[in-house]
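Enquirer: Below: one structure in structure tokens.
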Amino acid sequence: MLVGAPSRKDTESVVDPKIFRICDEALYHEWIDEFDRLGAQQARDLACRVEALAPGVRIAITPLAALRPDRRELDSFARRLNSQIYRNWRIVEGAVADSPRRAIARAAEAADYVLPLPLDATLAPHALALFALALNRATNVEIIYGDEDFLSDGKRSHPFFKTDWDPHLILGRNFVGAPALYRSQTLKRLHIEDLPGVAIDNLLHALTLRVAGATSASAILHVPAVLCHRSKIGDWSDVEGRAIVSAHLAATGVADAKVSAAPLAPAFNRVEFPLPTPEPVVTIIVPTRDRANLLGPCVDGILNRTDYASIELLIVDNGTSAPDAVALIETLRDTPRVRVLRDDRPFNF
């Protein structure tokens with residue numbers, strides 16, 4: 001926090017969730033041309049690398065849809081997978097009476113990793129190859145996921161460049177999304193047939209939370225490449241998403257956490273964790289020089305208008321000489337929860 005720096009007018013606005021994606025299609029297409037074109041030679045090189053894995057991990061892909069797909073939809077889904085450079089995969093469809101959870105559980109019986117894939121999704125030709133190569137380099141990987149975008153009328157847009165694993169961000173929304181592979185042994189051990197979630201993307205969120213809650217962060221890998229193209233907006237319920245996160249927190253021993261819609265982006269969750277006892281001390285550092293008219297309200301706001309009591313205010317006085325500011329700082333030296341450090345070096349925040 002800087003006091004004495006030039007003022008800047010703040011404006012309030014409601015944050016559109018699209019801020020987390022690049023919405024300028026022209027800029028995105030420039031990025032694709034420069035960084036995301038798989039040439040013929042690159043494809044051949046990648047094929048040689050995955051052939052050397054012999055045979056590599058077995059991947060079971062199970063199609064997911066809110067309503068039971070018909071044969072035509074399933075055939076289209078299968079055709080879109082035929083371009084995969086990596087070949088050690090198979091589609092495992094659920095039986096007629098299967099729920100999506102049961103379909104995922106059936107797929108776990110058939111391979112080393114399961115890829116639950118929404119029916120509208122199309123994988124990039126090199127998607128499974130990059131996953132297989134990453135899994136060959138690493139050990140004990142429970143979840144591995146890639147980035148995604150939208151595909152409409154042959155045009156890609158709205159890329160979602162994801163972060164590496166973040167245990168707090170995943171509570172706000174399912175940033176793992178698709179495509180994501182889950183270790184079959186873990187799925188069988190966790191009995192995922194009881195997962196919550198009616199909407200498909202909510203179910204995938206619950207699946208990610210269930211597996212992540214049973215492993216360490218080092219066992220979750222992110223491949224920073226756009227490997228999946230969705231043709232529909234995700235099948236997602238905000239209300240159901242908050243219920244899933246609440247249930248996950250309760251199951252992991254944080255039953256008192258409050259999950260609500262994020263004020264500036266209601267499609268995301270805000271999680272308020274209970275404070276530990278005793279409350280940890282928060283040190284707030286305020287560099288200042290002169291400008292008592294700024295320092296006074298700042299100190300008043302910190303000490304008297306916050307509902308968190310365990311605060312230490314550290315004022316760094318960088319050569320104050322204005323009489324009113326000197327008098328204020330001298331008064332603050334005797335104020336509980338306040339310390340003043342004097343630094344007479346040349347003024348520099």
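Enquirer: Assess whether Phe160 counts as being within 15 Å of Asp238 (Cα to Cα), surrounded by fewer than 20 Cβ atoms within 10 Å (Cβ to Cβ) and modelled with pLDDT under 95.
Expert: no
Enquirer: For region 215-226, give me the residue count where each residue is within 16 Å of the chain's Cα centre (by Cα) and in contact (Cβ under 8 Å) with a residue 60 or more places away in the chain.
Expert: Of the residues in that region, 8 qualify.
Enquirer: Same structure again: From Leu314, Leu303, which residue is closer than 22 Å to Leu275 by Cβ, at pLDDT 95 or above and touching a strand residue (DSSP E or B) at 6+ places or on another chain (Cβ under 7 Å)?
Expert: That would be Leu314, the only listed residue that is closer than 22 Å to Leu275 by Cβ, at pLDDT 95 or above and touching a strand residue (DSSP E or B) at 6+ places or on another chain (Cβ under 7 Å).
Enquirer: Let me ask something else about it. Within region 231-275, restricting attention to residues that are among the basic types (Lys, Arg) and modelled with pLDDT of 90 or more, which residue is nearest to Leu123 (Cα to Cα)?
Expert: Per the stated criteria, the residue is Arg242.
Enquirer: Could I ask something else about it? Just one of Ala54, Ala78, Ala66 is assigned to a loop (DSSP other than H, G, I, E, B), free of Cβ contacts under 8 Å to residues at least 24 places away in the same chain and either open to solvent by less than 100 Å² (accessible area, probe 1.4 Å) or among the basic types (Lys, Arg) (or both); which is it?
Expert: Only one candidate passes the filter, namely Ala54.
Enquirer: Select from region 267-292 the residues that are part of a loop (DSSP other than H, G, I, E, B) and among the β-branched types (Val, Ile, Thr) and write down the one among them that is farthest from Leu341 (Cα to Cα).
Expert: Going through the qualifying residues, I end up with Thr277.
Enquirer: Within region 325-349, can you find the residues that are of a type in the set (Val, Ile, Thr), farther than 15 Å from Asp290 by Cβ, in contact with a Leu (Cβ under 8 Å, 6 or more places away or on another chain) and not in a strand (DSSP E or B)?
Expert: Hit for region 325-349 is Thr335, nothing else.
Enquirer: Further, regarding this structure: So Glu272 ticks every box in (1) more than 16 Å from Thr335 (Cα to Cα); (2) surrounded by 12 or more Cβ atoms within 10 Å (Cβ to Cβ); (3) among the charged types (D, E, K, R) but one. Which box is left unticked?
Expert: Evaluating Glu272 over (1) more than 16 Å from Thr335 (Cα to Cα); (2) surrounded by 12 or more Cβ atoms within 10 Å (Cβ to Cβ); (3) among the charged types (D, E, K, R) leaves (2) as the failure.
Enquirer: Which members of region 115-152 meet the condition of being part of a helix (DSSP H, G or I) and open to solvent by less than 30 Å² (accessible area, probe 1.4 Å)?
Expert: Ala127, Leu128, Ala129, Phe131, Ala132, Leu133, Ala134, Leu135 - these are the residues of region 115-152 that are part of a helix (DSSP H, G or I) and open to solvent by less than 30 Å² (accessible area, probe 1.4 Å).
Enquirer: State the number of residues belonging to region 223-238 that are open to solvent by less than 30 Å² (accessible area, probe 1.4 Å) and under 15 Å from Trp165 (Cα atoms).
Expert: 2
Enquirer: Sort out which residues of region 298-324 are in contact with an Asp or Glu (Cβ under 8 Å, 6 or more places away or on another chain), in a strand (DSSP E or B) and open to solvent by 30 Å² or more (accessible area, probe 1.4 Å), and write them in order of number.
Expert: Matches in region 298-324: Val316 only.
Enquirer: A further question follows. Is it the case that region 239-248 has a residue that's open to solvent by 70 Å² or more (accessible area, probe 1.4 Å) and within 30 Å of Leu130 (Cα to Cα)?
Expert: no
Enquirer: Also: Could you check region 238-283 and list, in sequence order, the residues that are in contact (Cβ under 8 Å) with a residue 24 or more places away in the chain and touching a helix residue (DSSP H, G or I) at 6+ places or on another chain (Cβ under 6 Å)?
Expert: Glu240, Gly241, Ile244, Val245, His248, Val259, Ala265, Ala267, Phe268, Asn269, Val271
Enquirer: Please determine, by comparing only the residues of region 186-200 that are of a type outside the set (A, V, I, L, M, F, W, C) and open to solvent by 20 Å² or more (accessible area, probe 1.4 Å), which one is nearest to the chain's Cα centre (by Cα).
Expert: Taking the candidates together, the pick is Pro196.
Enquirer: Given Ala132, Ala111, Ala121, Ala127, which one is on the phi < 0 side of the Ramachandran plot, small (Gly, Ala, Ser) and touching a Gly at 6+ places or on another chain (Cβ under 6 Å)?
Expert: Ala132
Enquirer: Please work out which one of (1) open to solvent by 40 Å² or more (accessible area, probe 1.4 Å); (2) not in a strand (DSSP E or B) is the condition Arg90 fails and give its number.
Expert: With (1) open to solvent by 40 Å² or more (accessible area, probe 1.4 Å); (2) not in a strand (DSSP E or B) applied to Arg90, the lone miss is (2).
Enquirer: From the residues in region 244-301 that are among the polar types (S, T, N, Q) and over 30 Å from Asp201 (Cβ atoms), which one is farthest from the chain's Cα centre (by Cα)?
Expert: Asn293
The values are calculated or read from the model by the stated rules, or taken from the named source; none is laboratory data. All of these numbers come straight from a predicted model, not from anything done at the bench. All Cβ positions, glycine included, derive from the backbone under ideal geometry; neighbour counts span all protein chains shown. Quick note on the areas: whole protein, heavy atoms, side chains included, nothing else; ligands and nucleic acids left out. Shrake-Rupley method; radii C 1.70, N 1.55, O 1.52, S 1.80 Å.
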